[in-house]
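The values are calculated or read from the model by the stated rules, or taken from the named source; none is laboratory data. Please read these numbers as outputs of a predicted model, since none were measured by experiment. Every residue, glycine among them, receives a Cβ derived from its backbone with ideal geometry; neighbour counts consider all protein chains shown. Just the protein is used for accessible areas: all its heavy atoms, side chains included, with ligands, DNA and RNA removed. Shrake-Rupley method; radii C 1.70, N 1.55, O 1.52, S 1.80 Å.
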Amino acid sequence: MTVTAFFGCALTAYGPALAMFVLTIAPDPVRVIILILSAFFWLLSLLLSSMLWIAVVPLKDKLAFGLVFSVLFQETFRILIYLLLRKADTFMKKLTENEQTKIFANRHILSYVVGLGFGMMSGIFSMVNVLADSVGPGTVGLFDETPKDFFMISAVICLCMILLNTFWGVLAFDAMDKKKWINLGFVWLSHLLVSCLTLLNQNPS
């Protein structure tokens, strides 16, 4: 049962993202490189969040403090990778663009790849410990809920965050390209709102 739960939850959480990667990114090596670069930028945001959490000792026990600053760092690094890719755009075109590689010609493909990179790395960190617990020797649950519900709900939330990060990546890049700052503000606020909703998990309801 535990192995079945592991594979079921893992495929629920990562299956769509893996399919998107295999079908739309893996055939193009440039897209793979940008995906890895964006995942690395997400890791840098996590590093800064961790350093802040360690530095501010009085607020270590406040989950909301770490969550809010984690979201702010993530969105800041989304802007930084946008600026980096725009600076490198002309140079990378000369090196990589040909009839098969048109990622720099299509802004939405570039933002989609970056968003998926953010989402996949976020999903890996949010779900890996839960999956490790699902294979035993013991299982965990939330209050009176069965362990099965806990694992499946965690998997669905992970999937949602991966897809939302992809969506936020496309919207943020488009907003910065077209100077639509309201759309960029929507990305920041919706990311904060969705993330803060997970704080409700602390209550039995």
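Here is a list: Gly136, Gly141. Which entry is on the phi < 0 side of the Ramachandran plot, small (Gly, Ala, Ser), at pLDDT below 90 and not in a helix (DSSP H, G or I)?
Gly141
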### Task
Taking the options Ser111, Ser126, name whichever one is at pLDDT 80 or above and surrounded by fewer than 18 Cβ atoms within 10 Å (Cβ to Cβ).
Ser126
### Task
Would you confirm whether any residue within the range 43-62 is part of a helix (DSSP H, G or I), touching a residue at least 60 places away in the same chain (Cβ under 8 Å), open to solvent by less than 80 Å² (accessible area, probe 1.4 Å) and under 24 Å from Leu200 (Cα atoms)?
yes
### Message
What are the pairs with Cβ atoms under 8 angstrom where one residue, in the range 1-26, is in contact (Cβ under 8 Å) with a residue 40 or more places away in the chain and the other, located anywhere, is among the charged types (D, E, K, R)? Sequence gap at least six, or different chains.
### Response
Ala5/Lys148; Thr24/Arg31; Ile25/Arg31
### Message
Can you say whether Phe73 is closer than 23 Å to Ala175 by Cβ, at pLDDT below 90, open to solvent by 40 Å² or more (accessible area, probe 1.4 Å) and assigned to a helix (DSSP H, G or I), as far as the supplied structure shows?
### Response
no
### Query
How many residues are in contact with a helix residue (DSSP H, G or I) (Cβ under 8 Å, 6 or more places away or on another chain) and not small (Gly, Ala, Ser) when one looks only at the range 1-39?
17
